[in-house]
Each structure stands twice: as structure tokens, then as C-alpha cells.
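Scroll down for the structure; my scribbles are underneath it.
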Amino acid sequence: MFSLALAVQADAAVIVSQYYEGAGSNKFIELKNVGGTAFDLGTLRIGRWSNNDREGYKNDLAPGFSTALSGSLAAEGIFLIAASGAAAPAYALPPDLTSAVASFNGDDSIGVYTVTSGTTFETANLVDAIGFTSATQGLDTSFVRVTTAPGFDLTFGSSVDTFPDAWDEASILSVNNAEAGSDLRLGVSAVAVPEPSGLACLAVTGAAVVGRRMRRKSVDA
């Protein structure tokens with residue numbers, strides 16, 4: 001199953017680049033086009049799995065809530081989705097889309113799928129995901145994508161914490177106070193279009209991970 005997830009991820013042009021679960025209705029999902037050309041978002045659908053079904057994206061279970069995306073996302077462009085009523089951080093408003101798909105509460109997994117006729121939520125169509133396995137794992141926190149390395153797999157029990165090379169956790173306060181241009185900031189992502197060479201990609205993204213984590217520690221200190 002893990003090899004299947006790697007194959008899906010390797011072909012993904014649009015990835016989940018940030019998850020933000022703040023107070024009240026302040027919830028956001030950030031997507032980024034890491035492909036080299038504009039991407040038709042109309043070919044994608046995003047879903048949310050909650051509570052006991054939080055790992056449903058791993059076994060073809062339809063999400064409790066989903067919504068279709070639309071529009072064209074430029075290469076390296078960002079698409080920001082907010083829960084209804086989101087009011088902070090103010091710099092992230094208005095979002096590109098307001099949807100209940102972002103109305104999570106700390107234990108909801110998010111998956112992005114290629115739209116197909118009648119079988120959209122099969123794992124074969126899963127483009128990217130951020131997964132949680134406990135009631136508080138994603139509560140009052142943010143996860144920022146630091147590389148295009150796989151950030152999920154289909155193994156029962158795996159979660160965002162299984163992929164430290166792909167995800168970096170950041171406090172809500174540090175995201176709220178992030179300076180313009182910071183990777184922590186909603187609407188900004190330093191994840192780059194992968195290099196043609198696998199070794200070059202490893203060298204570049206590896207360096208980005210080290211620098212990114214050092215910067216977060218200084219912000220949170």
C-alpha cells in the first residue's frame with residue numbers, strides 16, 4: 001500500500017501545503033500547485049473524514065463532506081480554503097474558497113482527489129492527504145509542508161506524524177504572527193517544483209527542511 005501512495009504522490013501537481021486549526025471558525029487548508037504549468041482545479045475534489053471515519057481515505061470510504069474545486073491555479077500558485085466564519089489571521093482573508101470542508105476540529109483528515117465518474121473517492125484517485133488518528137492530534141495547531149516528499153500513505157494507523165520529512169508543525173501563534181514572505185504564513189509556501197533529477201531534488205529539499213525547522217524554533221521561542 002505504501003508504494004501505491006508513493007506513486008500517487010509522485011504524480012501530484014497540487015498538494016496540501018498547510019493545515020491550520022485555530023480557535024472557533026478559524027480553520028484553513030492551503031493547496032499549492034507544484035507543477036510547472038497552470039493546473040485546472042476543476043479536475044479535483046477535496047473531502048473531509050471525521051471522528052471514527054478519520055482514516056476512511058485509506059480504504060475508499062466516501063468522506064462525510066466534500067466539495068468540488070474550480071478555476072485555474074498558476075504554477076507555484078496557492079489556493080486557500082477557509083471555514084465559514086473564519087476571521088483570523090486577518091492577512092489570510094478573503095480566502096479563495098469558503099467551505100465546510102475546512103470545518104475540522106482536530107481529528108479530521110483531508111484528502112484531495114481527481115474527479116472521476118462515480119468512483120472519485122477510490123484510493124487510486126487520491127492525489128494528496130493530511131491524516132490524523134487521534135482526537136487531538138490536529139487540534140490548535142498548524143502543519144506546514146516542507147518538501148514534496150510523500151506526506152501520507154494508506155497504512156492503517158499512519159498519520160501526519162509518520163512523515164516528518166514532509167510536514168513541520170507550527171504553533172497557531174507563530175502562524176498568526178508570521179512576517180510577510182514567511183513559509184509559516186497562510187497563502188505562502190516555499191515548497192518548490194521538484195527538480196528533474198531525483199538527487200538534485202533531495203539535495204534542495206533536504207536543505208530547505210533544515211533551514212525551515214531552525215526558523216520555526218526561533219519564531220516559537
Practice task
Kindly indicate which of S174, S218 is modelled with pLDDT of 95 or more and in a helix (DSSP H, G or I).
Solution key: S174
Exercise for the section: Among the residues of the stretch 133-147, write down those that are farther than 20 Å from S50 by Cβ and touching a helix residue (DSSP H, G or I) at 6+ places or on another chain (Cβ under 7 Å). Expected result: V146, T147
Handout entry: Residue identified as out of contact with any Ser or Thr (no Cβ under 8 Å at 6 or more places or on another chain), more than 11 Å from F143 (Cβ to Cβ), modelled with pLDDT of 95 or more and of a type outside the set (D, E) among S182, S197
Key = S182
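If I filter the stretch 80-93 for residues that are in contact with a strand residue (DSSP E or B) (Cβ under 9 Å, 6 or more places away or on another chain), touching a residue at least 24 places away in the same chain (Cβ under 8 Å), within 17 Å of E55 (Cα to Cα) and buried (at least 18 other Cβ atoms within 10 Å of the Cβ), do I get at least one hit?
No; the residues of the stretch 80-93 include none that is in contact with a strand residue (DSSP E or B) (Cβ under 9 Å, 6 or more places away or on another chain), touching a residue at least 24 places away in the same chain (Cβ under 8 Å), within 17 Å of E55 (Cα to Cα) and buried (at least 18 other Cβ atoms within 10 Å of the Cβ).
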Exercise for the section: Consider S17 carefully, then state whether it is at pLDDT 95 or above and either of a type in the set (A, V, I, L, M, F, W, C) or assigned to a loop (DSSP other than H, G, I, E, B) (or both). Expected result: no
Practice task
Look at G47 and say whether it is in contact with a Phe, Trp or Tyr (Cβ under 8 Å, 6 or more places away or on another chain), in contact (Cβ under 8 Å) with a residue 60 or more places away in the chain, surrounded by 15 or more Cβ atoms within 10 Å (Cβ to Cβ) and at positive phi.
Solution key: no
Handout entry: Failed condition for D60, given (1) part of a loop (DSSP other than H, G, I, E, B); (2) modelled with pLDDT under 95; (3) at negative phi; (4) not β-branched (V, I, T)
Key = (3)
Practice task
Kindly indicate whether any position in the stretch 148-155 is surrounded by 18 or more Cβ atoms within 10 Å (Cβ to Cβ), within 22 Å of S50 (Cβ to Cβ), under 13 Å from the mean Cα position of the chain (by Cα) and among the small types (G, A, S).
Solution key: yes
Exercise for the section: Kindly indicate the residue of the stretch 40-57 that is polar (S, T, N, Q) and part of a helix (DSSP H, G or I) and also nearest to V175 (Cα to Cα) among those meeting that condition. Expected result: N51
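The values are calculated or read from the model by the stated rules, or taken from the named source; none is laboratory data. Here the structure is a predicted model, which means the values were calculated and not measured. Here the Cβ is made from the backbone with ideal geometry for all residues, glycine too, and neighbour counts use every protein chain on show.
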